1. Go through (1) modelled with pLDDT of 95 or more; (2) within 23 Å of ALA37 (Cα to Cα) for THR116 and report which single condition fails.
2. Considering only segment 91-105, state which residues are away from the ligand (no atom under 16 Å from the Cβ) and either assigned to a strand (DSSP E or B) or under 21 Å from TYR166 (Cα atoms) (or both).
3. Return the residues of segment 206-219 that are exposed (fewer than 13 other Cβ atoms within 10 Å of the Cβ) and under 21 Å from ARG322 (Cβ atoms); say none if nothing qualifies.
4. May I ask you to list the residues in segment 26-70 that are closer than 22 Å to ARG123 by Cα and assigned to a loop (DSSP other than H, G, I, E, B)?
5. Might you let me know whether segment 332-345 holds any residue that is of a type in the set (Lys, Arg) and part of a loop (DSSP other than H, G, I, E, B)?
6. Can we say ARG226 is modelled with pLDDT of 85 or more and out of contact with any helix residue (DSSP H, G or I) (no Cβ under 9 Å at 6 or more places or on another chain)?
7. Applying the selection to segment 85-122, what residues are among the aliphatic types (A, V, I, L, M) and touching a residue at least 12 places away in the same chain (Cβ under 8 Å)?
8. Of all residues being under 24 Å from VAL27 (Cβ atoms) and touching a Cys at 6+ places or on another chain (Cβ under 6 Å) in segment 62-77, which is nearest to the ligand (Cβ to nearest atom)? Just the residue, please.
Amino acid sequence: METAFSDMLIGVGGVTPIKVDSVGKRVLTSIELFAGAGGLALGLEEAGLENTLLVDNDKWSCETLKLNRPNWNVECEDVSKIDWKGYKADVVSGGFPCQSFSHAGKRMGFEDTRGTLFFEFARCVKEVRPKIFIGENVSGLALHDKGKTLRIMVGVLRSFGYNVQYKVLNSVDYGVPQKRKRIFIVGTLPGFAFSFPEPTGRLVTLREALKNVPNSPGSEYSEARRKILELVPPGGSWVDLPEDLQKKHLGKSFYSGGGKRGMARRLSWDEASLTLTTSPGQKQTERCHPDETRPLTVREYARIQTFPDDWEFAGGVGAQYRQIGNAVPVKLAKAVGKQVVAALQQTTEKRASLIYAQASEVYA
Ligand SMILES: C[S@@+](CC[C@H](N)C(=O)[O-])C[C@H]1O[C@@H](n2cnc3c(N)ncnc32)[C@H](O)[C@@H]1O
């Protein structure tokens, strides 16, 4: 679908009511879907956006958001139940869970994605019509269904008149002590030029990240698991075990090809952590403390995801690990958010010249 010139002008004149703070400075607003424990939301706040609405249907995630930011407007609701008409914001963001589309023989436009959580994200973008949107997902989305899922998503979002870019970013490149890859899909209305953040070039090690980490609860290993992991050195894994114990610990996986790299892993002080999952004791994705033979605690998890120490998590230990493990690392979110804020703050002259250049391409 071609973009009408009147649509392009939305970016300049603005249909979004302009919000100002107490000293008259323009407030840039954001709505977030699938907000979880607030990793992305907090990063965007640190970058200069004001979160005006956050939606999640998980009780503990909503409690976490309210506990830390009593002033945030949190809707603990299924996103499909929200009527977006009447909502306005400069930015819409959301880490929509990745689902397959049944696309046999279909063109796969917006309506064909109905019933998926991507549809809900796209519906919000279509109805709120933010200047910029940020979609976030696991890096595997790029390869899902041989790339077709991502192509369909990008096509749908482009059909709403957005310039859409995507890139896999590794958190470790943005001050996060963790190797964690996430794909960001960023759309801009004509007149807004966004570019992905440049890597900082500085590695933050686990040693640095866990310095003076406050005490907190954590899960425990069974006696049998503890005895195995005691034999693994920092940075090591099941390959460091004697062969009889490798066979015992890995079971059938010992004889299979891949898929066991994460087993019996002990983290290293001098590297970034491996990707955190929703539970540190899962056998396939073990994350044992470098010195002590135990899973990482909740607060160690939070440090590695770059949540500040005063960010509290609601629920029992399992719910806390899950919320933290699901989050976008705060510093990665901030790096992307700063680029979004920079794009929103471009001067009217720059935006007008961009619109002119982009319109020339459309009508050439
Ligand atoms: C990957 S987590 C989001 C993490 C979040 N972006 C962060 O940085 O902390 C996905 C979230 O989507 C929420 N979710 C899944 N289905 C939902 C639905 N139908 N409506 C609202 N939230 C939903 C889950 O409860 C979960 O918190």
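The values are calculated or read from the model by the stated rules, or taken from the named source; none is laboratory data. Just so you know, these numbers come straight off a predicted model, no measurement behind them. When we count neighbours, we look across all protein chains shown, and the Cβ atoms used for this are built from the backbone with ideal geometry, even at glycine.
1. (1)
2. Once the filter is applied, which keeps residues that are away from the ligand (no atom under 16 Å from the Cβ) and either assigned to a strand (DSSP E or B) or under 21 Å from TYR166 (Cα atoms) (or both), segment 91-105 yields only PHE101.
3. PRO214, ASN215, PRO217
4. Correct list: PHE34, ALA35, GLY36, GLY38, ASN57, ASP58.
5. Taking every residue of segment 332-345 in turn, none turns out to be of a type in the set (Lys, Arg) and part of a loop (DSSP other than H, G, I, E, B).
6. So ARG226 fits the description; yes.
7. ALA89, VAL91, VAL92, MET108, LEU117, ALA122
8. Looking at the filtered set, the residue picked out is CYS62.
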